[in-house]
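The values are calculated or read from the model by the stated rules, or taken from the named source; none is laboratory data. Everything numeric here is computed off the predicted structure, so don't read it as measured data. All Cβ positions, even for glycine, are placed from backbone atoms using ideal geometry, and neighbour counts span all protein chains on display. Keep in mind that these areas ignore ligands, DNA and RNA; they rest on the heavy atoms of the full protein, side chains included. Shrake-Rupley method; radii C 1.70, N 1.55, O 1.52, S 1.80 Å.
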Amino acid sequence: MDSAKLAGRASAEAAVAAAPGPDETLAAPPDLTAAAFFDVDNTMMMGASLFHFARGLAARKFLTATDLAGFAWQQLKFRVGGRENAHDMQASREQALSFVAGRRVSELVELSEEIYDELMADRIWAGTRALAQMHLDAGQRVWLVTATPVELAQIIARRLGLTGALGTVAESDRGVYTGRLVGEMLHGRAKAHAVRALAASEGLDLRRCTAYSDSANDVPMLSAVGTAVAVNPDQRLRDIARARGWEVRDFRTGRKAARIGFNSMLGASALAGAVAAGLAYRRRDRS
């Protein structure tokens, strides 16, 4: 099976298994054939959830200085270039797998709970959260769809009072990570496959569903539903949305968008520089 399809199917199965019954999150009688799908990074949350997670892991000594420098450099490249690429996604995958291999799933879940409270809870876009609540108030289920590990994605969804999450699934054996992914990271085409697999499992009519994202990388997911909305879009997605008549929601003022982007670049750059300097100092100290 195609690795993107395999990743999407595994993510949908994990999402359905972990999600509560619909009555537990909905504020109205359930609309069983409609749902909303939200990307996380820069759509629901300011910045990259995996980067914030890496910061929390580094603070707990679960990542080395070299690992953290790599995450910082990838975040900086994304901020400057405005897009992800296959090489960076592969690098992120290898870093994530090197960390989780041999560790217990329960350990990652516990860490995710702590790190969300410390570094992510205050970074949720109020406007996007309000859009999600609008769907819940209409009786529709709301799912996050992200390349972030499914365990972390499910915690974010639960803390926001959403139905559940589709995320990257790492293989485990008897509660311990093997160091392999099921398929690939939930990114690009894999997100669209996950949404379709979930719709088939839950009886959703994708023509009545809505998807939200900031990135042109998510055009496959946005194209899979009846209503696509660009939220805080990058320039490529803004152009595509204009051409296709998709709605655009931008919760950033011009100054705020520039400040967030500048601070993110500055923070990642400073972090990378500090780590690099520390490594250089340690090498010099050993010589």
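Taking the numbered list (1) of a type in the set (G, A, S); (2) open to solvent by 10 Å² or more (accessible area, probe 1.4 Å); (3) touching a helix residue (DSSP H, G or I) at 6+ places or on another chain (Cβ under 7 Å) in turn, A165 passes all entries but (2). Screening R244 on (1) modelled with pLDDT of 95 or more; (2) under 20 Å from the mean Cα position of the chain (by Cα); (3) among the charged types (D, E, K, R) shows it passes everything except condition (2). Name the single residue that is modelled with the highest pLDDT among those in segment 8-37 being hydroxyl-bearing (S, T, Y) and farther than 26 Å from M185 by Cβ. For segment 8-37, the residue satisfying everything is T33.
When R141, R158, R180 are screened for being under 21 Å from V225 (Cα atoms) and either surrounded by fewer than 24 Cβ atoms within 10 Å (Cβ to Cβ) or in contact (Cβ under 8 Å) with a residue 24 or more places away in the chain (or both), only R141 passes.
Of the residues making up segment 127-138, just one is open to solvent by 50 Å² or more (accessible area, probe 1.4 Å) and within 17 Å of the chain's Cα centre (by Cα), namely R129. Of all residues in segment 183-216, those that are hydroxyl-bearing (S, T, Y) and open to solvent by 20 Å² or more (accessible area, probe 1.4 Å) total 1.
If you check S112, S49, which single one turns out to be open to solvent by less than 30 Å² (accessible area, probe 1.4 Å), closer than 20 Å to P233 by Cα, at pLDDT 80 or above and of a type outside the set (A, V, I, L, M, F, W, C)? Result: S49 is the single residue among S112, S49 that is open to solvent by less than 30 Å² (accessible area, probe 1.4 Å), closer than 20 Å to P233 by Cα, at pLDDT 80 or above and of a type outside the set (A, V, I, L, M, F, W, C).
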